[in-house]
Amino acid sequence: MDIVGTTPAAPKAIHLSDYAPPAWLIDTVELHVDLREDVTTVTSRLAVRRNPVRAAEGPAPLVLDGEAMELVSVTVDNRLLHPADYAVTAESLTVPRLPEAATVEIVTRIKPQENTALQGLYKSSGNYCTQCEAEGFRRITYFLDRPDVMARYTVTIEAEKARYPVLLSNGNLVDQGDRLDGRHWARWNDPWPKPSYLFAMVAGALTQVEDRFVTRSGREVTLRIFVEPGNEGKVAHAMDSLKKSMKWDEDAYGLEYDLDIFNIVAVSDFNMGAMENKSLNVFNTKYVLANPETATDTDFLGIETVVAHEYFHNWTGNRVTCRDWFQLSLKEGLTVFRDQQFSADMNSAPVKRIQDVTRLRQVQFAEDAGPTAHPVRPESYIEINNFYTPTVYEKGAEVLRMYRTLLGPQGYRKGIDLYFQRHDGQAVTTDDFLAAMRDANPDAAVDWAQFQLWYRQAGTPVVEADGAYDAASRSYRLTLRQSLAPTPGQPEKAPLLIPVALGLVGPDGADLPLRLEGEAAAAGSTRVLHLTEASQSFTFVDVPAAPVPSLFRGFSAPVRLRFPCSDAELTFLMAKDSDAFNRWEAGQTLATRIILGMVAERTAGRAMTVPPAFVEAVGATLARAHEDRSFAALALMLPSEGYLGQSMEVVDPDGLHEARETIRRTVGSSLGAALRRLYGECREDGPFAITPEAMGRRALKNACLGYLMAAGDAEAAALCLEQYRGGSGMTDVLAALSLIADSDLPEREACLEAFATRWQGEPLVMDKWFTVQALSGRPDTLERVRRLTGHPAFSIRNPNKVYALIGGFTANQARFHAADGSGYAFLAERVLELDGLNPQVASRMVKAFARWRKFDAGRQAHARAQLERIQATPGLSPDVFEIVERSLD
Ligand code: 0A1
Ligand code: ZN
């Protein structure tokens, strides 16, 4: 059989400005999928009609998207076409001369068993599953594979019953039956029109766990989670998270589920976290399977968030979808914001905010400062799969948060309600969303045209603040200046509307009343200023004493703040600020300042010393730790090497690593007694549970253990080994193992080996084993990682394994950026190996090179050589091609 090759012609860019509505619409799709071991045959019957909005242009041919398939036949209104009546290329099928409306039947053949890209229909652990976002449906059948074409689907799946007893698709099961030859079939109908990217089907030998949820209007929904047999015992947390999400969306957004079934299927080969296909979510096993023995607290929280995220898409993404892929943040930014709100409500809101901001700064700020920087609503792309980025997701969520900060919770909710009222069942744009927010809040003093720039301008704004207190007039004048550096394709930037939530902290630590010059009365202890100009001053009056300003409370805008306050003021805010986020932030700012200072010392050839005041501040954090242990654990966390590097003109990965380690060692030895005491308290306090309190206790305990191990004394090593061996639960075991893997303890190899032996049957646990080794700061890490690519538990075809080992290694700043270029050479080899198998994963890996220009000349030369080597390789996927081109630009 001749399958049209996957290598497209020279990759070309798609532009937002070229958007045109489709010439044809598809009202219904009847799919028949005949699954056989050698080949799968797909018969698709489409009810197509000309799009009235394009009528003026005259009759356009029907051009359907399709890739990597064999076309068998095309029938129009029951008349079989001769191949001369249509045209096929590697990417399309064109049928000219159709009437106004027609029924087009297309038969194609595909080979899911050979699909390593994991897009379209593929096999994972012997089961069939699909991934259609963004453009995978065109690998199943020819179609108008774009989100503004919404159709009703009826899907019949046929397969051998013994091997594939479970047959699933979107919507409701409407019929099923057995054939005489051992095969069976099931027919599903989804009553809701949807874009093709939300289509899904699954066929396999899966077991199910069932539960139910009654919606607030009384609809009883059957909830099922399908997993490979043997994993039934690990889905309780996911199921619980699903029910909580359904309830929360009703309470917080007034949104109710709209079908009688909600299915989740967990598969072990999946490029991303999960996928929100209508009523048939497909999940990476990582975000479904967990019990305390195999999963860490981070895993449990991740499951809660991702289950919620996919469920929330049912309204924000599915009921109202994107007009085109430039609008991706319409659904992703909004849905991430919603899952952040949900997780904040389920756990601790400040802790969740700190975690989200940490991630934003680590990955999104880095993206915004490099060659792949793009706006939340990009203007062009070569490969849409490259745009599932931290900017579209996480910065997009910050934009949503800013709407809420500017409008208040009620104004925000009014905007959301109007958005659904206007656009339910439509495919719309971020401009439509903004218009709903605007129109629902006619009295809000928001310059919407300026706010829109958050979608259009790439880059992270820098806000410089300066304050002066005048005792005579009892006034405090705050001056704020904003700037935004050029990013690729955007040399000039305009000032943004930046919401600045702030407070003024008085000498006793209490918030001072906030009255701006000209106002009749003070308004609250935190208020939101609108920074709209390049430079703007705000004068507060009736200020009884010189305050310390607490700026961007709760991180009210995704900016970098530069405020020249003293170390003493930072220590003061760490202890006193009423805003928990800014208490944490003050500590991070202080730590950053000290670490960068130490790196400068080292560069100047002097010894690095840790200021005693810093150690004291950490001591104060330990002393207060019992007040909120989760918060204390985060307050003890030093900024990561990756984030610190963003503040350096030329990144010095070795200096940063050494400075950070020196602080860890110094704190560990200077505060040993307090750390040991706290460690002991946390260990003894309470039984094992997955609650915010218990998780906080473990996080704090493990933060203490980390510092103690950094000090390197025998007592700490004994504690760590004891925790590893006797640990109840993966959180503690893995925390100990990470420290052991990073150490020179003689027990190191034996512990790593024992772990692998114990967990060889659990792929998700083995992922952790790969990661702890890849993240080790030891000098032999690369050698070990190389060796591990040959380990029987590793497979370059499994995305989770690649992310765990190779992704883990690229996150290891000191080792990946080794001065001799060995880390870069290793990554280039893996990228080229991956590109032939799974371009999407290859492209995600190659992004680790993106910031290469931030390093010294020697490292730059090595990185450039590897990027050029990749670029020169024939047959590169558009995915990797696009990232490499941008990186070298
Ligand atoms: N929409 C999903 C993420 C997703 C995107 C692309 C995928 O394959 C190319 C898979 C999943 C989400 O936001 O959860
Ligand atoms: Zn999403």
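The values are calculated or read from the model by the stated rules, or taken from the named source; none is laboratory data. Keep in mind the model is a prediction, meaning the values are calculated, not measured. Backbone-built Cβ (ideal geometry, glycine too); neighbour counts: all protein chains shown. These area figures cover heavy atoms from the full protein model, side chains too; ligands, DNA and RNA do not enter into them. Shrake-Rupley method; radii C 1.70, N 1.55, O 1.52, S 1.80 Å.
Just need the Rg to Rh number for the chain, please, alpha carbons only, Kirkwood Rh. My calculation of the ratio gives 0.97.
Can you give me the relative contact order of the chain as a percent, contacts being Cα pairs under 8 Å and 6 or more apart? Relative contact order for the chain comes out at 8 percent. With a 1.4 Å probe and all protein chains left in place, how much of the accessible area of the chain comes from carbon and sulfur atoms, in whole percent? Within the chain, the accessible surface is 51 percent carbon and sulfur. Estimated at 0.36 nm per residue, the fully extended path between residue 57 and residue 125 surpasses their Cα-Cα distance by 19.6 nm.
When +1 charges are put on Lys and Arg Cβ atoms and -1 charges on Asp and Glu Cβ atoms, the dipole computed for the chain relative to its Cα centre reaches about 440 debye.
Entry comment: accessible area of segment 319-559 is 34 Å² per residue, from protein heavy atoms only and a probe of 1.4 Å. How many angstrom lie between the C-alpha centres of segment 141-155 and segment 232-281? Taking the Cα centre of segment 232-281 as reference, the centre of segment 141-155 is 23 Å away. Describe numerically, in nm with one decimal, the distance between label points set 7 Å from Cα along Cα→Cβ at residue 19 and at residue 784. With each label placed 7 Å out from Cα toward Cβ, I get 4.9 nm. For segment 319-559, a simple Cβ point-charge model (Lys and Arg +1, Asp and Glu -1, everything else neutral) yields a dipole of about 360 debye relative to the Cα centre. Proximity of backbone amide H atoms, modeled 1.01 Å from N, is registered between residue 92 and 66 at under 5 Å, excluding neighbours fewer than 5 places apart on the same chain.
Beta bridges assigned by DSSP with both partners in the chain are antiparallel in approximately 80 percent of cases. Once the trypsin sites (Lys or Arg not before Pro) in DSSP loops with at most 16 neighbouring Cβ atoms within 10 Å are cut out of the chain, the longest remaining piece is 220-473.
Between residue 492 and residue 648, full extension at 0.36 nm per residue minus the direct alpha carbon distance yields a gain of 53.8 nm.
Between amide H atoms placed 1.01 Å from N, distances below 5 Å from residue 28 occur with 47, 152, all of them 5 or more places distant or on a separate chain. Between residue 797 and residue 426, the contour length at 0.36 nm per residue exceeds the Cα-Cα span by 129.8 nm.
Taking a span of 30 Å or more along the helix axis (Cα atoms) and a mean Kyte-Doolittle hydropathy of at least -0.5 as the rule, the DSSP H helices of the chain that qualify are 580-603. Seen through its C-alpha gyration tensor, with square-root eigenvalues sorted a ≥ b ≥ c, segment 783-835 comes out prolate because a/c lies at 1.5 or above while a/b is bigger than b/c. Annotation for segment 322-349 versus segment 169-216: alpha-carbon center distance of 27 Å.
Among the listed pairs 352/493; 123/286; 352/701; 243/278; 701/801; 247/414, those with a Cα-Cα distance over 22 Å are 352/493; 701/801. For segment 406-451, the relative contact order comes to 49 percent (Cα pairs under 8 Å, sequence separation of at least 6). Residues in segment 716-743, backbone N under 13 Å from the label point at residue 688 (7 Å along the Cα-to-beta-carbon vector): list them, ranges by number please. Residues 724-734 fall inside that zone.
Between the residues 588, 385, 729, the greatest Cα displacement towards the positive end of the dipole of the chain, with unit charges on the Cβ of Lys, Arg, Asp and Glu, is found for 588. Across segment 611-767, Cα pairs under 8 Å and at least six residues apart give a relative contact order of 19 percent. Per residue, segment 1-139 exposes 46 Å² of accessible surface when a 1.4 Å probe is rolled over the protein heavy atoms with every protein chain present.
Across the options 645, 149, 800, the greatest Cα extent toward the positive end of the charge dipole of the chain (unit charges at beta carbon of Lys, Arg, Asp, Glu) belongs to 645.
Each semi-axis of the equivalent ellipsoid for segment 25-292 is √(5λ) with λ an eigenvalue of the Cα gyration tensor; in descending order they amount to 33, 22, 16 Å.
The simple Förster model, with R0 at 60 Å and r as the Cβ-Cβ distance, assigns residue 756 and residue 545 a FRET efficiency of 0.50. Counting only DSSP H runs of at least 4 residues, each contributing -39500 (n - 2.57), and dividing by the residue count of the chain, the helix-based mean residue ellipticity at 222 nm comes to -12000 deg cm²/dmol. Summed over the residues of segment 563-712 and divided among them, the accessible surface reaches 41 Å² per residue at a probe radius of 1.4 Å.
Multiplying each eigenvalue of the alpha-carbon gyration tensor of segment 372-505 by 5 and taking the square root yields semi-axes of 30, 23, 11 Å, largest first, rounded to whole angstroms. With a 1.4 Å probe and all protein chains kept in place, how much accessible area does residue 185 have, in Å² rounded to the nearest 10? Answer for residue 185: close to 40 Å² accessible. The modelled label-to-label distance between residue 468 and residue 748, using points 7 Å beyond Cα along the C-beta direction, is 5.6 nm.
The residue among 711, 740, 699 whose Cα reaches farthest toward the positive pole of the charge dipole of segment 609-758, with charges on the beta-carbon of Lys, Arg, Asp and Glu, is 699. Here r is the Cβ-Cβ distance between residue 114 and residue 871 and R0 is 25 Å; the resulting FRET efficiency, rounded to 0.05, is 0.35. Placing a label point 7 Å from the Cα of residue 217 along the Cα-to-Cβ line, the residues of segment 406-437 whose backbone N sits under 18 Å from it are 417-426. Shown is the FRET efficiency for residue 715 and residue 349, computed with R0 = 30 Å from the Cβ-Cβ distance and rounded to the nearest 0.05: 0.20.
For segment 22-50, backbone nitrogen atoms closer than 19 Å to the point 7 Å from residue 162 Cα along Cα-to-C-beta are found at 35-39. The distance linking segment 39-72 with segment 612-630 is 64 Å (Cα centroid to Cα centroid, whole angstrom).
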